[in-house]
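Here's the structure, in structure tokens; my notes come after.
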Amino acid sequence: MEKSWEISGAAADWTMTVSIVGLGGADLPQPDFDGLVEHFRTVIDLAEALWQLRQVG
């Protein structure tokens with residue numbers, strides 16, 4: 001399974017891709033990506049804010 005998220009920002013276009021490979025045929029439940037995506041957005045918000053601050057001086 002592979003899933004990607006994209007966020008367009010002022011400093012860059014950000015992409016996160018998560019790949020999950022099978023574990024020897026184990027029947028695992030579908031992952032819940034909501035928390036991971038929330039952290040990704042937080043990291044991008046902070047990186048974009050830092051970039052904007054550096055542009056000011």
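The values are calculated or read from the model by the stated rules, or taken from the named source; none is laboratory data. All values derive from a computational prediction rather than experimental measurement. Using ideal geometry, Cβ is built from the backbone for each residue, glycine included, and neighbour counts are taken over all protein chains shown. Surface accessibility is based on the protein's heavy atoms, side chains included, excluding ligands, DNA and RNA. Shrake-Rupley method; radii C 1.70, N 1.55, O 1.52, S 1.80 Å.
Remarks
- For the range 9-27, a residue qualifies if it is open to solvent by 100 Å² or more (accessible area, probe 1.4 Å) and either of a type in the set (Val, Ile, Thr) or under 28 Å from residue 55 (Cα atoms) (or both), and the qualifying residues are 13, 21.
- Failed condition for residue 5, given (1) without any contact (Cβ under 8 Å) to a residue 12 or more places away in the chain; (2) within 13 Å of the chain's Cα centre (by Cα): (1)
- Put simply, of 22, 35 the only residue that is at pLDDT below 95, of a type in the set (Gly, Ala, Ser) and part of a loop (DSSP other than H, G, I, E, B) is 22.
- Of the criteria (1) among the aliphatic types (A, V, I, L, M); (2) modelled with pLDDT under 95; (3) touching a Phe, Trp or Tyr at 6+ places or on another chain (Cβ under 6 Å); (4) not in a loop (DSSP other than H, G, I, E, B), which one residue 11 fails: (4)
- Of residues in the range 39-57 being surrounded by fewer than 10 Cβ atoms within 10 Å (Cβ to Cβ) and at pLDDT 85 or above, the one farthest from residue 4 (Cα to Cα): 56
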